[in-house]
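Asker: Can you read through this structure? Questions will come right after.
The values are calculated or read from the model by the stated rules, or taken from the named source; none is laboratory data. Quick caveat, the model's predicted, so the values are computed rather than measured. Cβ atoms come from the backbone with ideal geometry, glycine included; neighbour counts cover every protein chain shown. For accessibility, only protein heavy atoms count, side chains too; no ligands or nucleic acids. Shrake-Rupley method; radii C 1.70, N 1.55, O 1.52, S 1.80 Å.
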Amino acid sequence: MAIDRHDQREALEEAEANAIGTEYLRADLLPPKASLATKDLLMQYLDQRILFYSKQDQEKIHDIHLKTDRLQNALWQEILPIARSNQTATIALTVSGMNDVLNSQGYVQASWWNRIPSTAWTLMTAIAICANLLVGFGARNFKKNIALFMIFPFVIAVSFFLIADIDSPRGGIIRIEPRNLITLKKILNPQINTQSPSSGSHSASP
């Protein structure tokens, strides 16, 4: 259960990066002013999505959620008037892409809330306790083979640690890294820099 959820979270992070990258390109289909505004909002939104995957305290996480909600509303409000006044196939494609961006964040959040239920943890704990008790009751020459009888409890403890760690996407050792989102930001940054030429790029002739 923990590994399946971990793999699902990684797949959704990749899907979210693809949705944002696709919508960034589709923003070129909008009028120039709306296109620039949408791209700027998408870059701010991308920064917040990268922060979401980092290890943060609860107050910072709450702040990230608030900023994400505001940016989502701003992105939708940016394209909504254009979609209402210009109902063409290209605009519909842009609206569809924005819908994918907003939906992908919801899918990611749902997957992070989807944890191993407490009933499953209770069952595993009961099995581990019973198994260790059976090993203890069946022990012979415990003092001579004390290291041997410690192996089973150690293996159980390590297993529980790994399961709990994999099931905790934000904390622990095994975490979900926003590799695709970070890569997307590196790809999009040069495009932003080339939109505004430097004023000092031309030198005067002597």
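Asker: Per residue, how much accessible area does the chain have with a 1.4 Å probe, in Å²? Kindly include the intermediate steps, with their values, before the conclusion.
Answerer: On the way: 12780 Å² over 206 residues.
Using a 1.4 Å probe on heavy atoms only, each residue of the chain averages 62 Å².
Asker: Sticking with this one: Could you put LEU42, LEU29 in order of accessible surface area, largest first, with the 1.4 Å probe and the full protein assembly present?
Answerer: Numbers: LEU42 0, LEU29 80 Å².
Highest to lowest solvent-accessible surface, that is LEU29, LEU42.
Asker: Compute, for VAL155, the solvent-accessible surface of its heavy atoms (probe 1.4 Å) with the complete set of protein chains present, and express it in square angstrom to the nearest 10.
Answerer: Result for VAL155: roughly 70 Å² accessible.
Asker: Still on this structure: If you line up the long axis of helix 179-193 against the longest principal axis of the chain, both from Cα atoms, how many degrees apart are they, to the nearest 10?
Answerer: For 179-193 against the chain, the angle is about 20 degrees.
Asker: Explain nothing, just the number: relative contact order of region 1-150, from Cα pairs under 8 Å at least 6 residues apart, as a whole percent.
Answerer: Numbers: 82 pairs, mean separation 50.9, N = 150.
In percent, rounded to a whole number, it is 34.
Asker: Need one value: the accessible area of SER85 in square angstrom, 1.4 angstrom probe, rounded to the nearest 10.
Answerer: 100 Å²
Asker: Computed from these coordinates, which is volume of the Cα convex hull per residue in Å³: (i) 123; (ii) 112; (iii) 184?
Answerer: The calculated read-out lines up with (iii).
Asker: Next question. Return the carbon/sulfur percentage of the accessible area of region 22-90, one whole number, probe 1.4 Å, all protein chains in place.
Answerer: Values: 2110 of 3880 Å².
That share works out to 54 percent.
Asker: Among 10-18, 176-184, how do they line up by average Cβ neighbours within 10 Å per residue, starting with the highest?
Answerer: Working: 10-18: 18.3, 176-184: 16.6.
Top to bottom by mean Cβ count within 10 Å: 10-18, 176-184.
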